[in-house]
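Heads up, the thing below is written out as structure tokens.
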Amino acid sequence: MSRAITETMVRVEDVHKSYGRAATAVHALRGVCLEVRRGELVALKGRSGSGKTTLLNIVGGLDTPDRGRVEVDGLDLAGLDEDGLLALRRDRVGFVFQSFGLIPILTAAENVGVPMRLRRTDPRAREERVQLLLSLVGLADHAAQRPGELSGGQQQRVAVARALANDPALLVADEPTGQLDAETGHAVMELLRAVVHGDHPSGPPAALVATHDTTLLDLADRVLELRDGRIAGH
């Protein structure tokens, strides 16, 4: 049975972003338009320098466009001050990076719990959710291990669990399989797909995933290609 995907989670309208000035300016994005719906995993492909990371950073509230409009979960990002953007990144967007980004001195469980500590979640509820998320990513037996004691694939699974800590509406993943072998990378992409397509009390999240690995594109609901700062075909 096909899933009903109707609610727009991300809306990007005519977004431009340049770095530098005048003749030396680098035009990272040139009028990008896209939508991502709740319960949908959209893969973003393109060569290095095509603007993928810039677009993800803007959608995630880590950077601002020169012009254009970005909405995430019904919020116009241009209308948010720094505190509002901080709340967006803490509560509504979960980030997964190529380099994992785990804190070396913390255990897997403690790393997953960091976003909930920042949100001041009740300790008992936090511990229960950490256990739930580590079970979800298949690492319940590795809760006490630190990143250096885990494989690359296991570290990325911890990073996915951490991204889900505050039940985000949107997952933003920038080359999440870039440091993994093909088999492990495929498993991580399958995990992201399972998360987006799974049952969630507050509704399924959306995911926007940048990848250079063409073998992973068949796991996405849709594939968009960035070429020279534009969505191909738009």
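Just one of the numbered conditions (1) assigned to a loop (DSSP other than H, G, I, E, B); (2) surrounded by 22 or more Cβ atoms within 10 Å (Cβ to Cβ) is not true of LEU192: (1).
Please specify each residue of the range 59-112 satisfying the condition of being of a type outside the set (D, E, K, R), surrounded by fewer than 17 Cβ atoms within 10 Å (Cβ to Cβ) and assigned to a loop (DSSP other than H, G, I, E, B). Within the range 59-112, LEU62, THR64, GLY74, LEU80, SER99, GLY101, ILE103, PRO104, ILE105, LEU106 meet the criteria. Checked against (1) in contact (Cβ under 8 Å) with a residue 24 or more places away in the chain; (2) in a helix (DSSP H, G or I), HIS27 passes all but condition (2). Residues in the range 157-189 that are in contact with a Ser or Thr (Cβ under 8 Å, 6 or more places away or on another chain) and part of a helix (DSSP H, G or I): ALA182, THR184, GLY185, HIS186, VAL188, MET189. Taking the condition of being loosely packed, with under 15 Cβ neighbours inside 10 Å and assigned to a loop (DSSP other than H, G, I, E, B), how many residues in the range 213-234 meet it? Residues meeting the conditions: 4. Quick one: is GLY39 in contact (Cβ under 8 Å) with a residue 60 or more places away in the chain, under 30 Å from GLY113 (Cβ atoms) and assigned to a loop (DSSP other than H, G, I, E, B)? Answer is yes for this residue.
The numbers here are math on the coordinates, done by the rules we state, and not lab data. Computed from a prediction, not measured in an experiment: that's the story for all the values here. So basically every Cβ, Gly included, is an ideal-geometry build from the backbone, and we count neighbours across all protein chains shown.
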